[in-house]
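Chemist: Got a structure for you, written out below as structure tokens; questions coming shortly.
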Amino acid sequence: MNAVIETHSLSKAFGDKEVIRDCGLSVKKGEIYGFLGANGAGKTTVLKLISGLLRPTLGWIEVAGLDVAANREAVLAKIGSIIEVPLFYEHLSAAENLRIHLAYLGFEGRAEVADALARVGLPRSSDQKVSTFSLGMRQRLGIARAIIHRPEILLLDEPINGLDPAGIREMRGLLKALSRDEGVTIMISSHIISEIEHVADTIGVIADGTMMCQTPMAALLEECPDGLEDHLIDLMSGRMAHA
Amino acid sequence: MLKLIRLELAKNDIRPYLLAVLGITAAMIGFTYFFAEVPNMEETAEFGTYLDVILVVSVLSMASFCVLAAVMFSRFVISEYAGKRAILLFSYPIDRRRVLAAKLVFVCGFVFAGRLISDTVVFGLFNLTERFAPIVREGVLSDAIRQAALLILVEAFLAVAIGLIGLFLGFWRKSVPVAIVAAVVLCCPVSNFGSPALMVAALAVAAIAAAILLGVLASRVDKMEV
């Protein structure tokens, strides 16, 4: 399978502080890439670098064969994302927010809006303003916004935040369906091992800005038949590196 | 560009700004009749002609629209780019400078049109009532309005230009209060110029400054990291 996202010797510093060091990761077409790391490890920074919200200090990033730095808009057209906390126009309804989002992306269509809302389990025709939404509803709406234009690539930063157990299971099913049925490449970051373990085809672990491992799930399971948790916690805390 | 401007209209609640224009208009109507009555209340030569009344009210109107421009620029630009909302704005596959330009064109157009409509209502109403129950004793109102028309136009542009300079300073400091205070501070000396020639000179300087600062602002937004 071809790599859809590739980072090459990627480094990012804020002032004197280097937060990402020589990071090389590769996400294959159609796979779900679980990006694990403790809080503050650099997951969100890497996702921001991939989506052009930050510029690398060193190295470069390719998305769908395009250099992100030189093709920001073309790359963004291929991506749907939730980065940090999804923000909305609070005085508008979920459908209105999605219609505006679609219009910015160059699309128009009520059917897409209704479909995206249905896929994440939000009511299609509600006039309820987003300002009254719970955290879980906002997260669902954020996912709807990320998938509404049927992007080739989804970048999801801690997408299950605020979801209840049933919602987490629904989202897991949705992500698997998007990958399996529509060939969407999904990079999902989390600090919750069990969540990544349930969905990922490949796991990448980052600790203190350095990639500790990038391994297919099948190989990891073979290597750790008694469970991945201890092994991944060691990697996330930077105690050991995996080939 | 038109589509981006329409999206600004769709995603922002502009009712508070429409209400602000209504409020300014109501206040200016009050000021117009107040200044027109001054010579009748006190033995003074000030505000004795229609032109005097129009000039002082138009300066007050300019100051009000300067503040409105600064508030709108703060809401539409500074709040959008200074906070986390910039992540959403920068995730669209559209040149960042075009999105910024749409916001600026929308606010400039709103403030400029608001000022012209407000003044038309204020002086139109004054003109109407003066036909039936005149308060001012000297001059012809329609002549005075004609004489002040260019100045009002210059002031409408000035309000936008001063708002843009306030926007740049507010953006630079990532602060809405800085933008508003800067616009008020800049507006004060300009309001006291009095002479139309000085007003035109002020507009030229403000327009050049605003154009340069907008270029810098666009470049900053393009290179911004969030």
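Chemist: Do the conditions hold for residue A:39, that is, is it away from every other protein chain (no Cβ under 12 Å), touching a residue at least 24 places away in the same chain (Cβ under 8 Å) and more than 24 Å from residue A:178 (Cα to Cα)?
Modeler: Numbers: away from every other protein chain (no Cβ under 12 Å): yes; touching a residue at least 24 places away in the same chain (Cβ under 8 Å): yes; more than 24 Å from residue A:178 (Cα to Cα): yes.
Yes: the conditions hold for residue A:39.
Chemist: I need the strands (runs of 3 or more DSSP E) fully contained in the range A:32-141, keeping only those with at least 2 residues that are among the β-branched types (Val, Ile, Thr). Explain how you work it out, then say what you get.
Modeler: Values: elements: A:32-37, A:58-63, A:79-82.
The qualifying strands (runs of 3 or more DSSP E) are A:58-63, A:79-82.
Chemist: Of the residues B:77, B:107, which is touching a helix residue (DSSP H, G or I) at 6+ places or on another chain (Cβ under 9 Å), under 30 Å from residue A:45 (Cβ atoms) and crowded, with 19+ Cβ neighbours inside 10 Å?
Modeler: Numbers: B:107 fails: under 30 Å from residue A:45 (Cβ atoms).
Among B:77, B:107, only B:77 is touching a helix residue (DSSP H, G or I) at 6+ places or on another chain (Cβ under 9 Å), under 30 Å from residue A:45 (Cβ atoms) and crowded, with 19+ Cβ neighbours inside 10 Å.
Chemist: Which one is farthest from the chain's Cα centre (by Cα), of the residues in the range B:31-40 that are closer than 15 Å to residue B:134 by Cα and free of Cβ contacts under 8 Å to residues at least 60 places away in the same chain?
Modeler: Filtering the range B:31-40 down to residues closer than 15 Å to residue B:134 by Cα leaves B:32-40.
The next check asks that each one be free of Cβ contacts under 8 Å to residues at least 60 places away in the same chain; those that pass are B:34-35, B:38.
On the way: B:34: 22, B:35: 22, B:38: 27 Å.
Within the range B:31-40, the match that is farthest from the chain's Cα centre (by Cα) is B:38.
Chemist: Is there any pair with a first residue in the range A:81-103 that is facing chain B (nearest Cβ under 9 Å) and a second that is among the acidic types (Asp, Glu) and surrounded by 19 or more Cβ atoms within 10 Å (Cβ to Cβ) whose Cβ atoms are under 7 Å apart and which are 6 or more apart or on different chains, and what are they?
Modeler: A:83/A:157; A:84/A:157
Chemist: For residues that are in contact with a Cys (Cβ under 6 Å, 6 or more places away or on another chain) and of a type in the set (Val, Ile, Thr), scanning just the range B:131-181, find the one that is surrounded by the fewest Cβ atoms within 10 Å (Cβ to Cβ).
Modeler: This residue is B:160.
Chemist: Based on what the data block shows, is residue A:121 surrounded by 15 or more Cβ atoms within 10 Å (Cβ to Cβ), away from every other protein chain (no Cβ under 12 Å), free of Cβ contacts under 8 Å to residues at least 60 places away in the same chain and more than 24 Å from residue B:97 (Cβ to Cβ)? I'd like the intermediate steps shown before the answer.
Modeler: Values: surrounded by 15 or more Cβ atoms within 10 Å (Cβ to Cβ): yes; away from every other protein chain (no Cβ under 12 Å): yes; free of Cβ contacts under 8 Å to residues at least 60 places away in the same chain: yes; more than 24 Å from residue B:97 (Cβ to Cβ): yes.
Here the answer is yes, as residue A:121 does meet what is asked.
Chemist: Within the range A:42-75, track down each residue that is within 27 Å of residue A:181 (Cβ to Cβ) and within 11 Å of another protein chain (Cβ to nearest Cβ).
Modeler: A:47, A:51, A:74, A:75
Chemist: Is it true that residue A:25 is more than 10 Å from chain B (Cβ to nearest Cβ) and within 21 Å of residue A:179 (Cα to Cα)?
Modeler: yes
Chemist: Evaluate the following for residue B:104: is it away from chain A (no Cβ under 14 Å) and either of a type in the set (Phe, Trp, Tyr) or within 28 Å of residue B:145 (Cα to Cα) (or both)?
Modeler: On the way: away from chain A (no Cβ under 14 Å): yes; either of a type in the set (Phe, Trp, Tyr) or within 28 Å of residue B:145 (Cα to Cα) (or both): no.
For residue B:104, the condition - away from chain A (no Cβ under 14 Å) and either of a type in the set (Phe, Trp, Tyr) or within 28 Å of residue B:145 (Cα to Cα) (or both) - is not met.
Chemist: A further question on this structure: Looking at the structure I just gave you, is residue B:115 surrounded by fewer than 20 Cβ atoms within 10 Å (Cβ to Cβ), over 16 Å from residue B:225 (Cα atoms) and of a type outside the set (Asp, Glu)? Talk me through it step by step, then tell me what you get.
Modeler: Values: surrounded by fewer than 20 Cβ atoms within 10 Å (Cβ to Cβ): no; over 16 Å from residue B:225 (Cα atoms): yes; of a type outside the set (Asp, Glu): yes.
Answer is no for this residue.
Chemist: Regarding residue B:169, is this residue under 30 Å from residue B:83 (Cβ atoms) and in a helix (DSSP H, G or I)? Talk me through it step by step, then tell me what you get.
Modeler: On the way: under 30 Å from residue B:83 (Cβ atoms): yes; in a helix (DSSP H, G or I): yes.
Considered against the rule, which asks whether it is under 30 Å from residue B:83 (Cβ atoms) and in a helix (DSSP H, G or I), residue B:169 comes out as yes.
Chemist: Report, by residue number, each residue of the range A:88-106 that is in contact with an Asp or Glu (Cβ under 8 Å, 6 or more places away or on another chain) and within 12 Å of residue A:132 (Cβ to Cβ).
Modeler: Within the range A:88-106, A:91, A:93 meet the criteria.
Bear in mind these aren't lab numbers, they're just calculated from the coordinates by the rules spelled out. Quantities reported herein were computed from a predicted structural model and do not represent experimental measurements. Note: ideal-geometry Cβ built from the backbone for every residue, glycine included; neighbour counts use all protein chains shown.
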